[in-house]
Amino acid sequence: MATSETLMHHGAAVDGHRRGHTPADKTTGPRNLARVAGRIGAALSWLVVVIGALAIVLPFVWMVGVAFRTNGDLYADPSRLWPQQWTLHGIRAVLDQLPFVRLLINTFVFAGGTTLLLLLFDSMTAFALARLRFRGRNVLFLLILATLMVPFQVTLVPVFLTIFHLGWLNSYQGLIIPRATSALGIFLLRQFFQQLPRELDEAARIDGAGNFTIYWRIILPNAKPVLATLFIIQFAALWNDFLWPLVISSQTQMQTLPAALTLFSSQSGVDHAALMAGAAISLAPLAIAFLLLQRYFVQGVATTGIK
Amino acid sequence: MKGSVINMRRSAACLGAALAAVTLTAGCGNNGVSTSSGGVVQLSMLTGFTGPDEPAYQALVAEFNKTHPDIHVTMTVEPWATVAQKLPASWATGAGPDLATPSSDPGSIFSYIKTNSVLPLDSAVGSADGKIDAGAFPSAVRDAFTVDGKLYAVPANMATLALYYNKDMFTAAGISNPPATQDDFVADAKKLTVSSGGTVSQYGLSLADNQTIQMWPILQWMNGGDIVDGHGCAVVNSAASVSALTKWSQLVIQNHISPIGQSGADADTLFASRKAAMEINGPWAAAGYKSAGINLGIAEVPVGPAGPITLASTVPLMIERNTPHAAQAEQFLAWYTGKTAQAQFSQSSGFPPARTDLGDAVAANPTVALFAKALPYAKLYLAGQPQATSIDTDVYIPMIQQIERGANVKSAADSAAQKINQLTGCKS
Amino acid sequence: MATLNPSSRAAGGRRRWRFNTAYLFVAPSVVLIAVFIAEPIVQSGWMSLHNWTIGGSDNPFTGLANYRALWHDSRFWNALRVTVIYTGAVTVGQVGLGLAIASRLRRTTWFSSLLRTAYFFPFVASLVVVGIVWKFLLDPQVGLVDGWLGGLGFSAPQWLQSTSLALPTVIAVGIWKNVGFTMIVLLAGMQQVPADLYEAAMLDGAGPWRRFTAVTLPALRPALLFTTLIATITGLQLFDLVFAMTGGGPVFSTESIVMYLYEKGFVEFQMGYASAIAWVLFVVILAVSAVQLRVARNRDGD
């Protein structure tokens, strides 16, 4: 709402500018007024956007603050954003009770391994769906889209039983393989591949290239930005996955960091510092990576073809 | 047999894992499935004791391992919600732990008995050495864990609820002793509620209505009310129940003695942050309040017209039906519930022992003695009800929440009673 | 494309009897989807026709009894209502606000880049962490929000304890979490609109609002469809946020379909009934998505 109004005011101001002013113009006063109103509107809309951004960031700042606050400090004045009495008790509680390094490695193996495998499988499928012809192509695409609509909880028990029968509980392959394809990834990659010029394939085919060569040598190198974007989206989703690692691995040694920390947090009772320290630590690696890479990410989304 | 197949697969998994990343051999040990290696039987045990009392359980397990060189128990701890999600499927497939506490709710054992996942313990029960001495359990617990004449679980812990109070607030309000009767309880709760201009700065009592150990049933019992009777028929709308619910909901709504809609954790935070003068809670809470600097008093729950009463809470510990090491698991349970172990556990955890014959052993610690004193009269919430979980989540909790928010007590209780009777099949 | 060259036509002819390598490309994903998604959902459909408990020794076939019970289950209808309200509000809020913010932050300066980063940041946090943090932020005793409101002299609203406020609060947090992602996707779409389209519109005397409705919005249609679809599908599957913030309470006022399904299946062990809920939800999501896609296609046809 605010934005559309300011755009309109702004528009009026531009109009006035283009027509120019003559002393005889009776509407000079209102036009000036409109210009001022436009300026005020623009300033207001910026203010709203900035306040919105603060509202997005503040909870995280507060979370980090609470992680270092003593309970007494928090109870004394909840309206303070930042601690007065500092304590490392929360961080220490987390590090003492969890095999931190081990969990970190697990998380990287799970999120990283799954994402890489997923990119491979999804891009292969998307390539076939976008560039090759085969019987059942459209039906297959619809079926894949339909799987987006299945809530995870629905399949939890049957999937658990399958993984049990495969003997994959508490193992990396049990964690990774069932998640190594995603309908969203196939969908996005297919969109992108469809936009690549057909001439690329045709030229290669004339040179005698087979499907695999075209996929590996021509399509994939052209898809680097979208693959990078998909990597980030999927990596973040898997990193943050909570229920899946918990169900597949019954031992702390095979759990992922965010899952273990969330459990830890949910059980810390009145120990707010430990609770928020757990939340903050689980967020930190992704947050740092995101802040370093965010510029590329925005560019990456621009190339996915969801324009 | 079953164990060895899975172990082969697991070693393969370990190999793959080791190839995938370097230093990853540590995590391929045993969990979930029992094994025996080098003559030592490995037992896995899954529990939900993630709270501050966890070290006391771990110490008990370590003590058992030390005194039983041929058995090694590994206790894994996960939140109750996670245990509840994993255990049904993992026990149904035989991939689960040998021993587990399925839920903090004793009623949960019915689900597992129905799914044939639990080993009946009858053959291991007896008063002889190395047997599970069920005769020494508090009778409420023994009854709750006995289904169709068979014992299916032992108490992994035993707790009763007591009245926690903030001594400084009592002094400030000019009250010298904790309330001993229901009338004093009501009067003190009002007196300890401090408000100015519509905002309450101090609540008399911190009541929770969700994700909590139940507090409201105590208020009903105190007055002679109850939720379900011994025949599975609802009595939540009996005159005594309705009058208790009316009294306390009025105190909450009109006198603001407690905030509305708190979870258990909220209620604890309220008390720990010195914004409530009293709370009904179990022995696990004491350490946290002391470290928060509360000048803490603990007393027995005040006595109403129905005589002394409080809520007992116990966590069932059960053996997987298909475990290949049933004998060793039973041996563990016998030791765990034995006199020595219970006395030790009671001292280190502050919980009362899960036996009624340890009077002298617990007398030394006044806090433990206080919680233990309530054992003979404490009642389990919805004890022995196969539909306990449904009654709790579908009926009782929503009813309390509605009453707290101003719903007509009588009609809310009537409709709750109707739903309970539908669930239990009572045709009254 | 209309004129196939001879070699590809020949290939087409041979396809009848020679193996098509396209199947090799789709094989890994198809196998994984078949084993870990399709088969389980079929199995859950089978369970929904039984009085099924996990590991139960006999799970009697009951036909459509679970679905009939569902039809008369007021808690199910309540959960459906909650889920639909949440999905509608979050989708509209997230796409509307995302669009507004994206058009404000369209030009790339250091300042707008900073704001974009801020808005996008919650994307990297898990819903469970977001739920835990917000639950504490809104805590009447220790939370920052009520601390500040108290400082301003307002009495603290019962954000998550009131039956009328809890759902709007969860909705607001849902929008808070997702608005940045929508914004980035729409921004990407906006930046791909050729600049000469705007110049042409300006020469025609179109003001910014006209340019927005006549140039930007039509060009954004695929991005809007994508974000709406994703928001709808994830909204209808609402679970983590409610699980962490309210557990479905108070008095079921925030209990979503998946939350109810979870309660029935994993707390009360009624897998048959839970599966029936799941199937109804699955059909609802399919239907809603199909309608959205159809609407989008019809508009494209104009």
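The values are calculated or read from the model by the stated rules, or taken from the named source; none is laboratory data. Not measured: the values here are computed from a predicted model. When we count neighbours, we look across all protein chains shown, and the Cβ atoms used for this are built from the backbone with ideal geometry, even at glycine.
Among residues of the stretch A:129-144 being touching a residue at least 40 places away in the same chain (Cβ under 8 Å) and facing another protein chain (nearest Cβ under 8 Å), the one that is farthest from residue A:241 (Cα to Cα) is A:132. Test residue B:143 against the stated conditions and say whether it is modelled with pLDDT under 85 and out of contact with any strand residue (DSSP E or B) (no Cβ under 8 Å at 6 or more places or on another chain). Considered against the rule, which asks whether it is modelled with pLDDT under 85 and out of contact with any strand residue (DSSP E or B) (no Cβ under 8 Å at 6 or more places or on another chain), residue B:143 comes out as no. Give the residue that is farthest from residue A:241 (Cα to Cα), with candidates limited to residues of the stretch C:218-275 that are more than 11 Å from chain A (Cβ to nearest Cβ), assigned to a helix (DSSP H, G or I) and touching a Leu at 6+ places or on another chain (Cβ under 7 Å). So the residue we want is C:245. For residue C:225, are the conditions met, namely being touching a residue at least 12 places away in the same chain (Cβ under 8 Å), within 17 Å of residue C:91 (Cβ to Cβ) and over 18 Å from the mean Cα position of the chain (by Cα)? It is false that residue C:225 is touching a residue at least 12 places away in the same chain (Cβ under 8 Å), within 17 Å of residue C:91 (Cβ to Cβ) and over 18 Å from the mean Cα position of the chain (by Cα).
Selection of first residues in the stretch A:30-59 that are touching a residue at least 40 places away in the same chain (Cβ under 8 Å) and of second residues that are surrounded by 15 or more Cβ atoms within 10 Å (Cβ to Cβ), restricted to Cβ pairs under 8 Å at least 6 apart or on distinct chains, gives the following pairs, ordered by first then second residue: A:44/A:6; A:45/A:3; A:45/A:6; A:45/C:104.
Residue A:115 fulfils the conditions (1) part of a helix (DSSP H, G or I); (2) at the interface with chain C (Cβ under 9 Å from one of its Cβ atoms); (3) of a type in the set (Ser, Thr, Tyr) except for a single criterion, (2). Can you confirm whether the stretch B:169-180 contains a residue that is among the β-branched types (Val, Ile, Thr) and either under 16 Å from residue B:302 (Cβ atoms) or within 14 Å of chain C (Cβ to nearest Cβ) (or both)? Looking for residues that are among the β-branched types (Val, Ile, Thr) and either under 16 Å from residue B:302 (Cβ atoms) or within 14 Å of chain C (Cβ to nearest Cβ) (or both), one finds at least one in the stretch B:169-180, hence yes.
Taking the residues in the stretch C:93-112 that are assigned to a helix (DSSP H, G or I) and among the hydroxyl-bearing types (Ser, Thr, Tyr) as candidates, determine which candidate is farthest from residue C:230 (Cα to Cα).
Residue satisfying both the conditions and the ranking: C:112.
Go through the residues of the stretch C:191-206 one by one and say whether even a single one is crowded, with 21+ Cβ neighbours inside 10 Å and assigned to a helix (DSSP H, G or I). Give the derivation first.
Step one: of the stretch C:191-206, the residues crowded, with 21+ Cβ neighbours inside 10 Å are none.
No, there is no match, as no residue in the stretch C:191-206 is crowded, with 21+ Cβ neighbours inside 10 Å and assigned to a helix (DSSP H, G or I).
From the list A:193, A:110, A:160, the one residue that fits, being assigned to a helix (DSSP H, G or I), away from chain B (no Cβ under 11 Å) and touching a residue at least 12 places away in the same chain (Cβ under 8 Å), is A:193.
Residues in the stretch C:143-156 that are in a loop (DSSP other than H, G, I, E, B) and at pLDDT 80 or above: how many?
To start, the set of residues in the stretch C:143-156 that are in a loop (DSSP other than H, G, I, E, B) comprises C:143, C:152-156.
Next, only the ones that are at pLDDT 80 or above stay: C:143, C:152.
Total meeting the criteria: 2.
None of C:99, C:152 is at the interface with another protein chain (Cβ under 9 Å from one of its Cβ atoms) and farther than 14 Å from residue C:173 by Cβ except C:99. In the stretch B:47-95, the qualifying residues are those that are within 15 Å of residue A:169 (Cβ to Cβ) and among the hydrophobic types (A, V, I, L, M, F, W, C), and the one that is farthest from the other protein chains (Cβ to nearest Cβ) is B:87.
Pairing each residue of the stretch C:239-252 that is farther than 17 Å from residue C:137 by Cα with any residue that is at pLDDT 85 or above and of a type in the set (Val, Ile, Thr), provided the two are 6+ apart or on different chains, yields C-beta distances under 7 Å for C:239/C:258; C:248/C:242; C:248/C:254; C:250/C:163; C:251/C:163. Selection of the stretch B:98-119 for residues being within 11 Å of residue B:87 (Cα to Cα), within 11 Å of another protein chain (Cβ to nearest Cβ) and part of a loop (DSSP other than H, G, I, E, B) yields B:102, B:103, B:117.
The set of residues in the stretch C:237-253 being among the polar types (S, T, N, Q) and under 27 Å from residue C:51 (Cα atoms) consists of C:237 alone. Looking for something over 24 Å from residue C:161 (Cβ atoms) and in contact with an Asp or Glu (Cβ under 6 Å, 6 or more places away or on another chain) - is there at least one such residue anywhere in the stretch B:238-257? No: zero hits.
Taking into account only those residues within the stretch B:120-144 that are not aliphatic (A, V, I, L, M) and not in a loop (DSSP other than H, G, I, E, B), which is surrounded by the most Cβ atoms within 10 Å (Cβ to Cβ)? Quick ask: steps written out before the conclusion?
Keep residues of the stretch B:120-144 that are not aliphatic (A, V, I, L, M), which gives B:120, B:122-123, B:126-127, B:129-131, B:133, B:135, B:137-139, B:142-143.
Those still in the list that are not in a loop (DSSP other than H, G, I, E, B) too: B:122-123, B:135, B:139, B:142-143.
On the way: B:122: 14, B:123: 12, B:135: 13, B:139: 11, B:142: 16, B:143: 13.
Across the stretch B:120-144, the extreme among qualifying residues is B:142.
Scanning the stretch A:70-91 for residues that are of a type in the set (A, V, I, L, M) and within 14 Å of chain C (Cβ to nearest Cβ) gives A:74, A:76, A:81.
Just to confirm my filter: which helices (runs of 4 or more DSSP H) fall fully inside the stretch B:155-222 and include at least 3 residues that are surrounded by 21 or more Cβ atoms within 10 Å (Cβ to Cβ)? Correct list: B:182-191, B:216-222.
Kindly establish whether residue B:374 is in the same structural domain as residue B:44 (by TED's automatic domain parsing), touching an Asp or Glu at 6+ places or on another chain (Cβ under 7 Å) and over 28 Å from residue B:91 (Cβ atoms). Working first, answer last.
Values: in the same structural domain as residue B:44 (by TED's automatic domain parsing): yes; touching an Asp or Glu at 6+ places or on another chain (Cβ under 7 Å): yes; over 28 Å from residue B:91 (Cβ atoms): yes.
The answer is yes for residue B:374.
The numbered conditions (1) surrounded by fewer than 18 Cβ atoms within 10 Å (Cβ to Cβ); (2) more than 10 Å from chain C (Cβ to nearest Cβ); (3) over 30 Å from residue C:273 (Cβ atoms) are all true for residue A:94 except (1). Of the numbered conditions (1) touching a residue at least 12 places away in the same chain (Cβ under 8 Å); (2) over 16 Å from the mean Cα position of the chain (by Cα), residue C:204 fails exactly one; give the number of that condition. In the conditions (1) touching a residue at least 12 places away in the same chain (Cβ under 8 Å); (2) over 16 Å from the mean Cα position of the chain (by Cα), residue C:204 misses (1) alone.
Can you say whether residue A:103 is at the interface with chain C (Cβ under 9 Å from one of its Cβ atoms) and crowded, with 17+ Cβ neighbours inside 10 Å, as far as the supplied structure shows? No.
When the stretch B:259-299 is filtered for residues that are of a type in the set (Lys, Arg) and free of Cβ contacts under 8 Å to residues at least 40 places away in the same chain, only B:290 remains.
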